[in-house]
Amino acid sequence: MLKISNRVDAILASKSVSMVARVAELQKNGIPIISLSVGEPDMPPPQEVMEEMYLAQKRGNCGYGPVSGHPVLRKKLAEQMGEAVKLPIRMENIFVSNGSKQILYNLFQTILNPSDEVIVPSPYWVTFPEQIKLAGGKPIFVPCLPNHQLDLSAIRRAIGPATRAIILNSPNNPTGAIYSNEDVLQILNWAQEFNFSVISDEAYAFLTYDKKAFTSPLTLLKNSCTEDLLSRVLTVQTFSKSYAMTGYRIGFLVGAAELVKNLDKFQGHVCGNVCTPAQAAAILALTMPQDYFLQMKATFERRRNLAHKLFSQLFDIAPPPGAFYLFPRCDQYYTDTIKNSEDLANYILEHAQVAILPGSAFGAENYLRFSFATSEQEIEEAFYRIKRVLGERK
């Protein structure tokens, strides 16, 4: 009989990925499910980007490529990131992989030894703890404050001799919170004092609202040598959210050249290079006029406003300043039969035919995650369906 390894047996399946499959099966069977569970833009990338994949193949750009990414893409990313963070980023500081998910997997495999600890503020993206465990590390969960900001005193208590890194996801999935610069700077100072890395997952850096801006941790430490800073602050971004290129699987890391060399060594045995035509499409997305993406961002802000206006009638919730999620507290709807967020999410799926995710999947019981990365019509219909089954706000 086939035996599954202990390391895979010890991890949990992704709730978000599992829900996508479940919704697809229900819809295939004719059940009119509205999905507010997917963290994916519902619009395609620009026509020019889609065509570029085809044209790249016509040009013969469809063979093996450098493991770290196409030199043109790495150079363009270095230029753009360097301009954004006001640092001399070089091509050697850029590493390209299959979405930010694989960047993070590669990173944990490369920097962690067995029993190393990674501080994970919660709520957290569902994949963080499982990737840490797969690398032999130990996730140390530190709950955020009720307003979803970092709890500095709790983080300080969590720092110990085995601390290898802390992972900061801002704007945050699932809460949409943007961590304050003052809090992040304090963590950067602790990282220097106690010799650990700060992993900055910036998947939603472009998607901020109300004229708020996200500030990368790379810009907060002054008077630091660039390579020393890039050894301390490991920045992860993706084309999936900002450019609506989820299926293209293009993510990248900004880090020290020595780290990039070791990531290259590791990925060379895992998958080699990222899809070469997809990299060509990413180069075009970076360099073309950005009007389409700015309009996409404005669309998400309108949807955020609508979703908050509606669902705040059922839940106490502030409008999130980033990403495309609402994360309301929901335990006021618990009963003798609905005892936790998973029960409530399943109840809403069964009775309202709306798919959402339980907060327990993100390390925050008593919450629900609603994605507003869908049409205004679906947001409105989902609200009225849920309102019918939950009743008026308590």
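Only the coordinates and a few stated rules stand behind these numbers; no lab work does. For clarity, every value in this text was computed on a predicted model and none was experimentally measured. Note: ideal-geometry Cβ built from the backbone for every residue, glycine included; neighbour counts use all protein chains shown.
Return the lysines within reach of LYS75: Cα separation strictly under 24 angstrom, same-chain partners fewer than 8 residues apart disregarded; answer none if there are no such residues.
Correct list for LYS75: LYS58, LYS86, LYS101, LYS241, LYS261, LYS265.
Going 7 Å from the Cα of LEU294 in the Cα-to-Cβ direction, what parts of segment 237-272 have a backbone nitrogen less than 19 Å from that spot?
Label zone hits: 242-244.
At 0.36 nm per residue, and after removing the present C-alpha to C-alpha distance, how many nm does the segment from GLN186 to ARG22 gain when stretched out fully?
Length difference between fully extended and current span is 54.9 nm.
Count neighbours as other Cβ atoms within 10 Å of each site's Cβ, and list the chymotrypsin sites (Phe, Trp or Tyr not before Pro) in segment 28-125 that are DSSP loop with at most 10 such neighbours.
Passing both the DSSP loop test and the Cβ count: TYR64.
Note down the relative contact order for the chain as a percent, whole number, built from C-alpha pairs under 8 angstrom at least six residues apart.
23 percent.
In whole Å, largest first, what are the principal axis extents of the Cα atoms in the chain?
Cα extents, longest axis first: 58, 56, 54 Å.
Can you tell me, using C-alpha contacts under 8 Å and at least 6 residues apart, the relative contact order of segment 287-394 as a whole percent?
29 percent.
Could you work out the local net charge near PRO88, counting Lys and Arg as +1, Asp and Glu as -1, over the other residues with Cβ closer than 12 Å to its Cβ?
Residues close to PRO88 contribute a combined charge of -2.
If you add up the charges near ALA318, with Lys and Arg at +1 and Asp and Glu at -1, over every other residue whose beta carbon is less than 14 angstrom from its beta carbon, what do you get?
+2
Between CYS271 and GLU193, what length comes free when the chain is fully extended (0.36 nm per residue of separation minus the Cα-Cα distance, one decimal in nm)?
24.5 nm
Grab the Cα-Cα distance for ALA257 and ASP331, subtract it from 0.36 nm times how many residues apart they are, and report the gain in nm with one decimal.
21.9 nm
So which trypsin sites (Lys or Arg not before Pro) in segment 191-242 end up in coil per DSSP with only 16 or fewer other C-beta atoms within 10 Å?
Loop-located and lightly packed - LYS211, LYS212, LYS222.
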